[in-house]
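Data block below; observations after.
The values are calculated or read from the model by the stated rules, or taken from the named source; none is laboratory data. Because the structure is a prediction, the values reported are computed rather than measured. Positions of Cβ are generated from backbone atoms using ideal geometry, with glycine treated the same way; all protein chains shown enter the neighbour counts.
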Amino acid sequence: MGSLSSHVGNDFTDQTGAIGGIAADPQSPQLVNLVGYALANTEVVGELEFKGIPMVHHQVMLDPASNQIQAKLIGSGTVVDVMPGALPVYFESHVDIYVEEITGIAMYGKSKSTFHLDTRGPGFMDPMFAGDTHPVFEIHTSSEIGDDDAESFVSAVIDNQGMFFWTDFGTGAEGSTDDMADFVAFGLYVVAIGLVIMGMRSRGSADDE
């Protein structure tokens, strides 16, 4: 069993099954750990292309109204953790993740997480976020596949799909190791075509006799 990051003072939030960079099924919602303060399932927005690679776009829009995090911040293990409005801080997070549709590897991720403080003070609940709260802290994170790595991935994986993957003859990204495979595949195609032609000629000769 895993739990949210220890610094938030909460050892009881199970994150088993949360995406760790690879999605078992890119077309299905994924459980994500939001910088240690919440867990949420992604929404599958649709498909797109990023740096020449087909991706599945996942998104999280976490509503701060349903994520009061005083228990995670206090973490005393006492009634104070759940005392209404003892530490009126609310957590909001917006996340975008692009997952490669063949391998399931997350190749782009960006998040903006905001902590809202209820300015009315301790003891109040259900604030109006348009006027009762104030954003006091933000966490921005981002990561994406590098341009060179994306080019290599396109050459090694994307371009090698389908019957005629060999037609690039290893002319993809620099350092590609699929040159020999391309020429072997080409040779097999030539041999196969030759055998078909020989078979047709043999059949034609038999019919003439």
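Considering only strands (runs of 3 or more DSSP E) fully contained in the stretch 16-82, which possess at least 1 residues that are touching an Asp or Glu at 6+ places or on another chain (Cβ under 6 Å), modelled with pLDDT of 95 or more and not small (Gly, Ala, Ser)?
Filter on the stretch 16-82 gives 53-62.
Inspect the stretch 83-94 for any residue being within 30 Å of Ala156 (Cβ to Cβ) and either modelled with pLDDT of 65 or more or in the same structural domain as Thr133 (by TED's automatic domain parsing) (or both) and give the result as yes or no.
No, that holds for no residue.
What residue, of Gly162, Gly146, is closer than 29 Å to Ile22 by Cβ, at pLDDT below 60, out of contact with any helix residue (DSSP H, G or I) (no Cβ under 7 Å at 6 or more places or on another chain) and surrounded by fewer than 15 Cβ atoms within 10 Å (Cβ to Cβ)?
Gly162
Hey, among the residues in the stretch 103-143 that are within 24 Å of the chain's Cα centre (by Cα) and aliphatic (A, V, I, L, M), which one's surrounded by the fewest Cβ atoms within 10 Å (Cβ to Cβ)?
Ile139
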